[in-house]
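The values are calculated or read from the model by the stated rules, or taken from the named source; none is laboratory data. Everything numeric here is computed off the predicted structure, so don't read it as measured data. Ideal geometry is used to build each Cβ from the backbone, glycine not excepted, and the neighbour counts take in all protein chains shown. Just so you know, the surface numbers come from the protein's heavy atoms only, side chains and all, with ligands and any DNA or RNA stripped out. Shrake-Rupley method; radii C 1.70, N 1.55, O 1.52, S 1.80 Å.
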Amino acid sequence: MFGDEELIKLHRKRATQVANIILVCFGIILLRLWYLQVYKGDQYHKFSIQNRLRKEIVRAPRGMIYSANKQLLVDNIPRFDAVLTRQYLKNKDETFNRLAAILNMDVKDIKSIIKKHSSQARYRPIIIKKNISLDEVAQIETENAFLPGVSVDTFISREYVDGEVGAHLLGYISEISQQQLPKYRSRDKLDYHLGDFIGQFGIEEEMDKTLRGDNGFEYVEVDALGRKKKYINTDNLFQGIQDRMPRPGQNLKLTIDRDMQIAAYEALKGKSGSLVAIDVDTGKILSMVSTPAFDPSQFSRGLTTEYWNSLITNEENPLRDRSIQEHFSPGSTFKPFTAIAALEEGIINPNTKIRCHGTYRLGRRVYHSWKRWGTEKVNIRDALMQSCNIFFYKAATDMDIDSLAKYAKMFGFGQRSGISLPREVSGLIPTKEWKLKRNGIPWQQGETLSCSIGQSYVLTSTLQLANAYAALATKGKLFKPYVVDEVFDYNGKLIKKYEPELIREIELKDSTWNAVREGLHRVVNQPKGTAWWRRGFGNNMAGKTGTSQVIRAQSAENLYSKCSEMPYEFRHHGVFVAFAPYDDPKIAVAALVEHGCGGSTAAAPVVEKVVSQYMQKYLPEKHKEFAKKEKAQYLSFLRKRNAAREKAKLESEENSSEEDSGEEND
C-alpha cells in the first residue's frame, strides 16, 4: 500500500504531466494563432476579403472598322445577357422556373445549356440567353433576391451599319465552339473559354487579334447567394484589391469606298454573283461584294435557329464569298490573255486576219463560234471586239498549252492573289504535266482550243479577273490586292500603314499591249462591240464580255438555243471585266452574275453602275466630258442606222413596185 505522502507525490507528478500537456497544447494553439493571424495574417485577410468578392471579366470593346473615307462600317453597341453562376445557385427548380418565366424559355432548355457547360469551373458564368430586352433586364434586377446565382451581364455587341452590304468582306464574330477551343488556344496563345467571341469570317477573322483588345476585370462584393452588393472603389476594407480596365482593340481603316459598295450591292441585289473593283495603281480593293448575303449583326446578337436554318438551307449558299471562294470558267474574258500568248509567241501579229465564220474543225471535232454565221476576216482588235471564237481557235491550233499557261500565270491566274482574307481559292490554269498527273492521260490539242476561249479546265475567281485587267490597264504592273489601309488606336494614333506591294512587272512588246488594249476599247466603244449597248455614258471604259458555260453544249442546237428558256440551273453565267478611263486608267472592275446568260446583258450593267459611281465621285469633270462625247457618238450612230434602214426600206419598195409593174406588162 502507498502511503499518503507517496500518493500525493504520484498525483503531483501526474498533475504536472497533465499541466505540461495542457501548456504544450495551448502553446501549439497560440503558435498556430500567431502563424495564422500575424505571420499569415495579411494573406488570410486577403482570402477572407476575396470570399466576399466576385471577379467579373470586363470585355474589351473590339476596334471599329471604317471605310476609306472614314465612314463607320462596323460599330459597337451594348447588349445584355442573362447569365447564371452555378457556384451561387440555390433551390435549382425554383430558380429555373422563375428564370424561365422571365426569359420566356422552357426549363429543359435552361438545363440543357447548363449541361453543355458542365465541364467548365462552377465559378464561371454561363450565358442562358443573349441579347435580352430591357424589360427582361428590369425583371431580373427586381427579382434578384429570388434568383440566387442569376445576374445580367453587359456585353459590347457588333453592329454592321450597312447590313448585308459587304457582309462577306467584313465578316462576323460569334461565340467560340468547343471544337475550336484547342485550335485557337494553340494558334493565338490565349486562354479562350466557351462564351468568348472571336472573328469567324472575313476581316473580322483575319484581323481578329488586332481588333479584339485586352479584357479587364473588376471585383464585385457579393453576399452568400452571389448577389451583388456594391462595386469596389476606395473602401479601406478592400485596400490593395484593384480592378483592371480593359484596353480597347485597335481600329481599322479599309481601302473600301462605301458608296461604291452600296452601288455594287444594289446592282447585284436579287442575283447570285460577285463584284470586285480595284485601284490599278496600288492594288487597293475599292469594292468587294458577294450576293446573296447575310446580316452579320445577327451573329453577334445571337443567332436564332430560324435565321441559321434559312442560311444553311438556301441553295444559293449565302455564306459563301463568291468573289474569292468560288472559281468559274471566265469565258471570253480570258481571250485577251490568249491574244497576248499568240502575239508574243509569233503565232499571229497585230495585222493577221482570220475569217470569222461559224465553225472550225480540228480532227473529228467541230468547234463553234457563239454566232452561227460569219464571213468577214478580222484582225486581233476586231476579234476581241466581236468576241470571235474562230479567230482564237485557229491561233490556238499552233499554240502549246504550256505557253498559254505561262502568260496566264504572269497575270496572276492559277494562284492565290495573296489578299489578306481567309479561304481564297487559287483557280486553275492547266498544263500538260497537270493533266497527266490528274487523269493519267496526255494533253490533246483540241483541249487547248477550248482553253483559249476561257472554257474547259480554265478556272478563275472574280478577284483574279479584276487584278489581271488592272495589269492590262497599267501595261504590266501586277499588284498584290489589299483591303486594310491603316491601323490606329482609340486615340487616333497611327499604328501601321499598309503600302502597295508590286508582285511583278510584266514585260511585253508595245505592239502587243496596244493591240489588246485597243481591242478591249472597241468592245465597249464601237457599235459592233459586244458591250456597246451596255456601256452607259461618261465612263470611257475598255473591257470584255464573257459567257461561262455551266454545262457543255452537246450540239449546235443546244449551243444556239435561247439561254433564258433553259432551266435556271443550266443557264450560263454572265461575266464582264473593264477598266476606266481608257486613256489614264484608275480602276478595274470584274463582275459575275450566275445563270445570267450573257456578259453583256447580265454583268456589264453591274460593272457600269460601279464605274459610273467612281467616275462621278472622283473624276466628275472627265465624266461630264466623256458623257457629252459618247452621247454625241451614240446619236450619230442612231441617225446613220435609221438612215440606212430607211434607204433599205425605200429600195425594197421600189423593187417590189418594179416586180408588180413587170407582172402587169406580162
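For the reader, a short list of remarks on this structure follows.
- List Asp382, Asp109, ordered by accessible area with a 1.4 Å probe, largest first: Asp109, Asp382
- Simple Cβ-charge dipole of the range 330-408, Lys/Arg +1 and Asp/Glu -1, about Cα centre, in debye nearest 20: 480 debye
- Virtual spin-label span in nm between Met566 and Tyr307, 7 Å along Cα→Cβ: 3.7 nm
- Total formal charge among the other residues, if their Cβ is under 13 angstrom from that of Arg59, Lys/Arg +1 and Asp/Glu -1: -1
- For Ser157, distant residues with modelled amide H under 5 Å away: Ile77, Arg79
- Per-residue ³J(HN,Hα) for the range 480-495, Karplus 6.51 cos²θ - 1.76 cosθ + 1.60, θ = phi - 60°, Hz, x for Gly and Pro: 6, x, 8, 10, 9, 9, 9, 10, 9, 7, 5, 8, x, 6, 5, 9
- In Å², nearest 10: area of Ile156 left accessible to a 1.4 Å probe: 60 Å²
- Angle of helix 41-51 to the longest C-alpha principal axis of the chain, folded into 0 to 90 degrees and rounded to 10: 60°.
- Dividing the alpha-carbon radius of gyration of the range 384-466 by the rule-of-thumb value 2.2 N^0.38 Å gives 1.16.
- Cα convex hull of the range 414-504 - mean projected area over all directions, nm²: 8.3 nm²
- Using just its DSSP H runs of length 4 or more, each adding -39500 (n - 2.57), the chain gives a mean residue ellipticity at 222 nm of -12500 deg cm²/dmol after division by all residues.
- Compared with the dominant principal axis of the Cα atoms in the chain, helix 510-525 is inclined by about 90°.
- Between the residues Met260, Leu275, Ser310, the greatest Cα displacement towards the positive end of the dipole of the range 253-397, with unit charges on the Cβ of Lys, Arg, Asp and Glu, is found for Leu275.
- The mean sequence separation of alpha-carbon pairs under 8 Å and at least six residues apart, normalised by the residue count of the range 421-505, gives a relative contact order of 21 percent.
- Residues Lys640 and Lys353, FRET efficiency given R0 of 30 Å [Cβ-Cβ distance, rounded to 0.05]: 0.75
- For the range 325-440, a/c is not less than 1.5, where a ≥ b ≥ c are the root eigenvalues of the C-alpha gyration tensor, and a/b tops b/c. That puts it in the prolate class.
- Going through [x] 52.2; [y] 34.9; [z] 31.2, the figure that equals mean projected area of the Cα convex hull in nm² as computed for the structure here is [x].
- In percent, rounded to a whole number, the relative contact order of the chain is 13, using alpha-carbon pairs under 8 Å and six or more apart.
- For the range 478-532 versus the range 396-474, the inter-centroid distance based on Cα atoms is 19 Å.
- Peptide ranges 26-38, 174-186 listed from the most packed, as the mean C-beta count within 10 angstrom indicates: 174-186, 26-38
- Here the contact order of the range 90-225, divided by its residue count and restricted to Cα pairs under 8 Å and six or more residues apart, works out to 19 percent.
- Surface share of carbon and sulfur [accessible, 1.4 angstrom probe, percent] for the chain: 50 percent
- C-alpha long axis of helix 107-116 to longest principal axis of the chain, angle in °: 90 degrees
- The listed residues Phe626, Phe294, once ranked by accessible area (1.4 Å probe) with the largest placed first, stand as Phe626, Phe294.
- Sorting 426-437, 113-124, 475-486 by their mean Cβ neighbour count within 10 Å, with the most densely packed peptide first, gives 475-486, 426-437, 113-124.
- Listed residues Cys25, Cys597 arranged by accessible area, highest first, probe 1.4 Å: Cys25, Cys597
- Judged by the mean number of other Cβ atoms found within 10 Å, the most tightly packed of the peptides 404-411, 191-198 leads the ranking 404-411, 191-198.
- Over all pairs of different C-alpha atoms in the range 108-184, the reciprocal of the mean inverse distance, the Kirkwood hydrodynamic radius, equals 15.6 Å.
- For the pair the range 143-175 / the range 308-375, the C-alpha centres are spaced 46 Å from each other.
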